[in-house]
Amino acid sequence: MQKKYNPIEIEKTTQFYWNKIDAYQAIENDTRFPNGKFYTCSMLPYPSGKLHMGHVRNYTINDVMYRYMRMNGYNVLMPMGWDAFGMPAENAAISNNISPAKWTYDNVSYMKKQLSSLGLAIDWSREIITCSPKYYKWNQWIFLKMLKKGIIYKKTGIVNWDPVEKTVLANEQVINGKGWRSGAIIKKKKIPMYYAKITNYAEELLEYINKKLPYWPKKVRLMQANWIGKSKGIFLAFLHNIKDPKKNNKLIQKGKLWIFTTRIDIIYGITFCIISPEHPLAIFAAHNNILLQKFISEYKNNNIDSNVLEKKSILTQLKVLHPFTNKKIKVFVVNYIIEESYGKAAIGVPAHNKHDFYFAKKHSLSIKQVINIKNKIYSDKIWQDWYIDKKNCYCINSKKYNNMSHKEATNAISTDLIKLGLGNKKNIYRLRDWAISRQRYWGTPIPIIYCNNCGSVPVPEKDLPVILPETCTPNGNNNLLKENKKFLHVFCPKCNKLAYRETDTMDTFVDSSWYYMRYTSPKLKNFMIDDNKINYWMPVDQYIGGIEHAILHLLYARFWTKFMYNLGLIKFNEPFIKLLTQGMVLNKTYYRIENSSNKKKWYNPTDIKITLDKKNKPIHAILKLDKKPVIIGNIEKMSKSKNNGIDPQIQINTYGADSTRLFTIFSAPPEQNLEWSNIGIKGANRFLNRVWNFSYILAPRIINIINLNIFPNNFSIIKLNDNQKMFRRNIYKILQKINRDMENIQYNTVVSGCMKIFNILECINSNTKYDNNTNTNNDTILCEGMSIFLRTLNPIAPHITHVLWKEFKYSIQQGDILNARWPQIDSLALKEEKEKIKLIIQINGKFRGHIFLKKKYTTDFVKKIILKDKAIQKYLIHPPKKFFIIPDKLVNIII
């Protein structure tokens with residue numbers, strides 16, 4: 001065994017060994033693992049060029065789980081792939097004047113080496129890359145199946161247009177009116193698009209959140225439920241006699257303005273209605289109203305997302321009748337109603353809706369209270385928010401519905417409206433169909449051919465995949481597929497006349513909606529999945545990824561799975577049993593404000609020198625290069641935009657993969673954010689050095705115990721003294737907690753437990769005396785304890801533990817640590833604690849040690865044992881005057 005810890009050499013040698021024996025290649029029904037399969041999967045990375053610390057954290061967490069479950073007898077699968085299509089690759093290709101294909105494949109090659117250097121237990125034989133025709137062929141195949149079932153359809157509609165990325169975004173990809181990646185203000189554009197009817201699955205997606213996803217974080221389940229956004233309510237009709245002269249004077253919408261509400265108990269509080277500029281009544285009202293015509297024209301020509309528009313309204317001359325009172329109600333046209341399922345109209349109840357309240361104030365409309373709460377006084381002067389209190393409110397000023405509770409009034413009013421033909425109960429959803437067309441080159445080609453004779457023709461399955469040309473170099477201006485004649489022109493499969501292909505490509509969320517299934521049979525040529533293999537591995541037992549994917553990716557993956565289930569391709573209808581959303585990796589930020597542009601210029605923390613105060617808080621920072629001050633910013637997520645990332649490869653090359661892994665696991669619970677610390681990774685490295693140095697000293701004695709075949713053995717036949725029993729008991733008590741923490745994925749406290757066990761081992765070693773049988777017994781306990789320590793540390797630091805396991809010769813009896821059994825609890829060691837008690841010994845109130853006694857003891861026996869204890873004797877400089885004994889707890893000796 002070499003004297004000094006050399007992580008680079010150790011890790012290189014260990015990884016070579018793992019690769020040589022194909023250590024992590026998983027096969028179905030492997031008889032080595034009696035407890036069945038366990039599929040742990042991290043969200044596949046986008047090949048951006050280099051790993052970042054978020055990647056390191058995600059995959060290390062996954063790796064810890066893999067190794068723990070394998071040591072517990074599970075056949076574990078941990079695959080890896082690359083989410084390779086999309087605009088970032090196209091933008092990078094434009095910047096570097098190369099094809100997205102070359103840029104992507106080069107990045108994959110480099111990042112794969114980086115991942116390998118971490119020592120991850122990845123089964124690389126299952127690697128996939130989504131830009132490969134072998135993979136995206138099946139995107140196209142499913143597209144055609146969805147098209148045939150009516151789940152995919154095409155329509156011309158208003159879409160979210162990102163002016164920077166020059167493509168459409170799904171509703172879920174628009175955050176506060178801005179593109180989720182570019183941050184650009186989204187514009188509205190009317191173009192033909194393909195949509196997936198995810199709304200057909202809205203109820204099932206919602207129902208299964210609590211029914212089949214109990215092991216998902218509550219936050220994620222709530223986010224999905226809110227996004228699906230089920231609302232139970234009623235459409236109520238406002239009668240009118242407005243006729244359209246352009247349609248033979250027929251009543252517009254059959255003389256009924258239908259409006260949806262979830263709070264029908266406030267029906268008597270309605271004092272106005274609002275409609276969208278696209279509503280038929282708004283279009284009619286504009287015929288003889290130049291001001292309204294201008295308002296509608298501005299709305300149609302304004303292509304900015306309505307979320308960021310200034311809210312405007314205009315009064316029409318139209319009147320509709322209240323469903324119960326028949327009073328005439330004013331109608332306003334506004335520029336912010338966009339929800340189609342709500343009928344592009346809404347009721348105004350100013351007494352019980354904040355926005356309506358201020359709207360009514362602005363337009364001098366009546367404000368009528370119809371909901372009350374006991375012991376509260378209503379005022380129409382100031383907005384008061386009690387509308388949401390459904391439990392304690394009751395109706396007033398509502399005629400026969402007065403004094404009814406929310407529930408009673410809702411049922412009674414709904415029933416009466418339906419009888420009058422003025423109501424229609426319905427559940428509606430916030431969820432919209434998924435727009436999957438993207439107006440960019442680097443993506444899965446949509447398998448549709450357009451023929452002048454036959455119209456839109458699906459590509460025959462036998463002609464799949466429709467291969468994307470990989471040699472194109474984008475310029476950011478034109479659609480490359482429209483310019484690529486070899487791709488564009490094709491003969492119609494029906495009439496054999498010249499036709500052309502669809503040049504939109506699929507949203508990259510299509511790629512990531514089912515990749516975890518493809519891992520089960522990645523090389524299959526004639527079908528997308530192998531029945532036997534997918535039914536063995538799926539569903540995924542543990543899925544790991546960032547909270548930022550809580551809606552988009554996870555919702556689409558669930559939808560995709562349900563469609564495949566309904567198609568009879570798979571036997572499960574939820575893809576992920578458990579979900580872990582790991583926290584982000586944060587770091588400090590530093591910047592200067594440039595005088596010329598007034599913009600912030602960010603500097604990497606490694607280029608900054610910090611001055612700390614007495615409490616080690618940063619008070620001043622300078623750039624090392626020019627020695628001039630920089631501004632200390634907030635602690636934020638590592639990102640290119642803030643230039644606060646840390647290169648994992650530098651950390652691995654400097655401190656080793658094990659130190660890097662140990663730091664990322666130890667610094668925070670997996671689900672919480674982790675703040676980067678140079679001190680922290682150095683501390684992790686010091687601990688592993690300490691482990692190595694201790695092992696170097698201990699190795700000959702451990703090997704001796706192994707050679708004598710004393711360990712493993714039955715400790716019931718070994719006579720241990722009280723201290724030795726205490727050491728074993730403490731080790732197993734810590735192991736019990738480590739087991740609980742492992743099961744609860746609290747890996748940071750697992751590291752704490754390992755460190756505590758190591759401290760005990762050092763204490764045992766320091767107390768070892770080479771006389772009688774003490775040495776052999778202590779060494780036997782050290783042998784057992786080091787075996788437990790190495791196995792519990794192995795999932796976090798697999799390289800150093802692999803080498804030490806072999807150096808100590810544990811592998812002679814138990815094989816490679818990779819396949820060693822997770823340490824089991826010795827009930828005998830813990831049982832001893834119940835038979836004896838621990839008495840704290842104080843002298844004049846100061847702690848001086850402890851003794852262990854059987855529960856039945858006398859005062860004289862206690863005194864006799866204490867006075868004979870050598871550790872206590874050195875403090876008894878005078879004869880004891882008194883003994884104060886608190887039974888089973890403490891003895892205080894007064895001298």
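Which condition breaks for Ser641 when tested against (1) outside any loop (DSSP other than H, G, I, E, B); (2) within 33 Å of the chain's Cα centre (by Cα); (3) among the hydroxyl-bearing types (Ser, Thr, Tyr)?
Of everything listed in (1) outside any loop (DSSP other than H, G, I, E, B); (2) within 33 Å of the chain's Cα centre (by Cα); (3) among the hydroxyl-bearing types (Ser, Thr, Tyr), Ser641 misses just condition (1).
Do any residues in segment 454-483 that are over 20 Å from Tyr136 (Cα atoms) have Cβ atoms under 7 Å from those of residues that are among the hydrophobic types (A, V, I, L, M, F, W, C) and part of a loop (DSSP other than H, G, I, E, B), where the two are at least six apart or on different chains, and which pairs are they?
Short answer, once both residue conditions are applied: Cys454/Cys492; Cys454/Cys495; Thr473/Ile98.
Which numbered condition in (1) of a type in the set (D, E, K, R); (2) surrounded by fewer than 11 Cβ atoms within 10 Å (Cβ to Cβ); (3) in contact with a Ser or Thr (Cβ under 6 Å, 6 or more places away or on another chain) is the only one that Lys640 fails?
Of everything listed in (1) of a type in the set (D, E, K, R); (2) surrounded by fewer than 11 Cβ atoms within 10 Å (Cβ to Cβ); (3) in contact with a Ser or Thr (Cβ under 6 Å, 6 or more places away or on another chain), Lys640 misses just condition (3).
For segment 853-872, indicate whether the set of residues that are closer than 30 Å to Arg686 by Cα and in contact with a Phe, Trp or Tyr (Cβ under 8 Å, 6 or more places away or on another chain) is non-empty.
Within segment 853-872, none of the residues are closer than 30 Å to Arg686 by Cα and in contact with a Phe, Trp or Tyr (Cβ under 8 Å, 6 or more places away or on another chain).
Can you pull out every residue in segment 452-463 that is part of a loop (DSSP other than H, G, I, E, B) and of a type in the set (Val, Ile, Thr)?
Val459
Go through Trp180, Trp141, Trp161 for me and flag whichever is aromatic (Phe, Trp, Tyr), modelled with pLDDT under 90 and farther than 30 Å from Val56 by Cβ.
Exactly one residue qualifies, and that residue is Trp161.
So Pro45 ticks every box in (1) without any contact (Cβ under 8 Å) to a residue 60 or more places away in the chain; (2) in a loop (DSSP other than H, G, I, E, B); (3) buried (at least 18 other Cβ atoms within 10 Å of the Cβ); (4) not small (Gly, Ala, Ser) but one. Which box is left unticked?
Answer for Pro45: the failing condition is (1).
Only one residue in Asn139, Asn160 is part of a strand (DSSP E or B) and crowded, with 18+ Cβ neighbours inside 10 Å. Which one?
Among Asn139, Asn160, only Asn160 is part of a strand (DSSP E or B) and crowded, with 18+ Cβ neighbours inside 10 Å.
Is there any pair linking a residue in segment 7-34 that is at pLDDT 95 or above and part of a loop (DSSP other than H, G, I, E, B) to one that is exposed (fewer than 13 other Cβ atoms within 10 Å of the Cβ) and of a type outside the set (A, V, I, L, M, F, W, C), with Cβ under 9 Å and at least six apart or on different chains, and which?
Once the first residue is at pLDDT 95 or above and part of a loop (DSSP other than H, G, I, E, B) and sits in segment 7-34, its partners that are exposed (fewer than 13 other Cβ atoms within 10 Å of the Cβ) and of a type outside the set (A, V, I, L, M, F, W, C) give Glu28/Asn532.
Does segment 524-532 contain any residue that is under 19 Å from Thr40 (Cα atoms) and assigned to a helix (DSSP H, G or I)?
Within segment 524-532, one or more residues are under 19 Å from Thr40 (Cα atoms) and assigned to a helix (DSSP H, G or I).
Which residues, counting only those in segment 500-528, are crowded, with 21+ Cβ neighbours inside 10 Å and of a type in the set (A, V, I, L, M, F, W, C)?
Met506, Phe509, Val510, Trp514, Met517
Of the conditions (1) at pLDDT 85 or above; (2) in a strand (DSSP E or B); (3) among the charged types (D, E, K, R), Lys148 clears all except one; give me its number.
Unmet condition: (2).
Which of (1) crowded, with 19+ Cβ neighbours inside 10 Å; (2) in contact with a helix residue (DSSP H, G or I) (Cβ under 9 Å, 6 or more places away or on another chain); (3) closer than 30 Å to His799 by Cβ is the odd one out, the single condition Gln114 does not satisfy?
Of the numbered conditions (1) crowded, with 19+ Cβ neighbours inside 10 Å; (2) in contact with a helix residue (DSSP H, G or I) (Cβ under 9 Å, 6 or more places away or on another chain); (3) closer than 30 Å to His799 by Cβ, the odd one out for Gln114 is (1).
Quick check, is Val466 over 27 Å from the mean Cα position of the chain (by Cα) and either more than 23 Å from Lys145 (Cβ to Cβ) or assigned to a loop (DSSP other than H, G, I, E, B) (or both)?
Yes, satisfied.
Got a number for residues in segment 693-702 being within 45 Å of the chain's Cα centre (by Cα) and either of a type in the set (D, E, K, R) or more than 16 Å from Asn759 (Cβ to Cβ) (or both)?
Going through segment 693-702 one residue at a time, the tally reaches 3.
Please count how many residues of segment 255-284 are part of a helix (DSSP H, G or I) and out of contact with any Cys (no Cβ under 7 Å at 6 or more places or on another chain). Please lay out each step first, then the result.
We begin by selecting, within segment 255-284, every residue part of a helix (DSSP H, G or I); these are 255, 264-269, 280-284.
Add one more test, that the residue is out of contact with any Cys (no Cβ under 7 Å at 6 or more places or on another chain), and what stays is 255, 264, 266-269, 280-284.
Residues meeting the conditions: 11.
In this structure, does His287 turn out to be loosely packed, with under 14 Cβ neighbours inside 10 Å and either touching a His at 6+ places or on another chain (Cβ under 6 Å) or of a type outside the set (A, V, I, L, M, F, W, C) (or both)?
yes
Can you name the condition, by its number, that Gln873 falls short on among (1) touching a strand residue (DSSP E or B) at 6+ places or on another chain (Cβ under 9 Å); (2) over 25 Å from Lys831 (Cβ atoms)?
Every listed condition holds for Gln873 apart from (1).
Mind listing whichever residues of segment 16-42 are of a type in the set (D, E, K, R), surrounded by fewer than 18 Cβ atoms within 10 Å (Cβ to Cβ) and closer than 23 Å to Tyr543 by Cα? Even if it seems obvious, please write down each step before you answer.
The initial filter retains those residues of segment 16-42 that are of a type in the set (D, E, K, R), namely 20, 22, 28, 30, 32, 37.
Adding the requirement that they be surrounded by fewer than 18 Cβ atoms within 10 Å (Cβ to Cβ) leaves 20, 22, 28, 30, 32.
Of everything in segment 16-42, those that are of a type in the set (D, E, K, R), surrounded by fewer than 18 Cβ atoms within 10 Å (Cβ to Cβ) and closer than 23 Å to Tyr543 by Cα turn out to be Glu28, Asp30.
Can you give me the number of residues within segment 68-98 that are part of a loop (DSSP other than H, G, I, E, B), crowded, with 21+ Cβ neighbours inside 10 Å and modelled with pLDDT under 95?
Total satisfying the criteria: 1.
Could you list all residues from segment 375-404 that are charged (D, E, K, R), out of contact with any Lys or Arg (no Cβ under 7 Å at 6 or more places or on another chain) and without any contact (Cβ under 8 Å) to a residue 40 or more places away in the chain?
Lys376, Asp380, Lys381, Asp389, Lys390, Lys391, Lys400
For segment 183-235, give me each residue that is of a type in the set (Phe, Trp, Tyr) and closer than 30 Å to Asn411 by Cβ.
If the condition is that a residue be of a type in the set (Phe, Trp, Tyr) and closer than 30 Å to Asn411 by Cβ, then Tyr201, Tyr208, Trp227, Phe235 are the ones that fit.
Would you call Ile142 hydrophobic (A, V, I, L, M, F, W, C) and farther than 30 Å from Trp537 by Cβ?
Answer is no for this residue.
Search segment 255-282 for residues that are within 25 Å of Lys399 (Cβ to Cβ) and free of Cβ contacts under 8 Å to residues at least 60 places away in the same chain and pair each with any residue that is surrounded by fewer than 22 Cβ atoms within 10 Å (Cβ to Cβ) and of a type outside the set (Val, Ile, Thr) when their beta-carbon atoms are under 8 Å apart and the residues are at least 6 apart or on different chains.
Final answer for the pair search is Gly255/Leu239; Gly255/His240; Gly255/Asn241; Thr262/Ser231; Thr262/Lys232; Thr262/Gly233.
Within the set of pairs 6 or more residues apart or between chains, which connect a residue that is farther than 16 Å from Tyr5 by Cβ inside segment 790-811 to a residue that is in a helix (DSSP H, G or I) and of a type in the set (Gly, Ala, Ser) with Cβ atoms less than 8 Å apart?
Pairs that qualify, where the first residue is farther than 16 Å from Tyr5 by Cβ and the partner is in a helix (DSSP H, G or I) and of a type in the set (Gly, Ala, Ser), are Thr792/Gly753; Tyr810/Ser787.
Please tell me if Ile61 is more than 28 Å from Arg661 (Cα to Cα), in contact with a Pro (Cβ under 6 Å, 6 or more places away or on another chain), part of a helix (DSSP H, G or I) and in the same structural domain as Cys41 (by TED's automatic domain parsing).
So Ile61 does not fit the description; no.
With respect to Met538, is the statement that it is of a type in the set (A, V, I, L, M, F, W, C), crowded, with 21+ Cβ neighbours inside 10 Å and farther than 24 Å from Trp227 by Cα true?
Criteria met by Met538.
Check segment 673-684 and report whether any residue there is closer than 21 Å to Ile825 by Cα and more than 26 Å from the chain's Cα centre (by Cα).
No, because not a single residue in segment 673-684 is closer than 21 Å to Ile825 by Cα and more than 26 Å from the chain's Cα centre (by Cα).
Which one of the conditions (1) surrounded by 13 or more Cβ atoms within 10 Å (Cβ to Cβ); (2) in contact with a helix residue (DSSP H, G or I) (Cβ under 8 Å, 6 or more places away or on another chain) does Asn241 fail to meet, given that it meets all the rest?
Going through (1) surrounded by 13 or more Cβ atoms within 10 Å (Cβ to Cβ); (2) in contact with a helix residue (DSSP H, G or I) (Cβ under 8 Å, 6 or more places away or on another chain) one by one, Asn241 breaks only (1).
The values are calculated or read from the model by the stated rules, or taken from the named source; none is laboratory data. Since the model is a prediction, treat every value here as computed from it, not as a measurement. Here the Cβ is made from the backbone with ideal geometry for all residues, glycine too, and neighbour counts use every protein chain on show.
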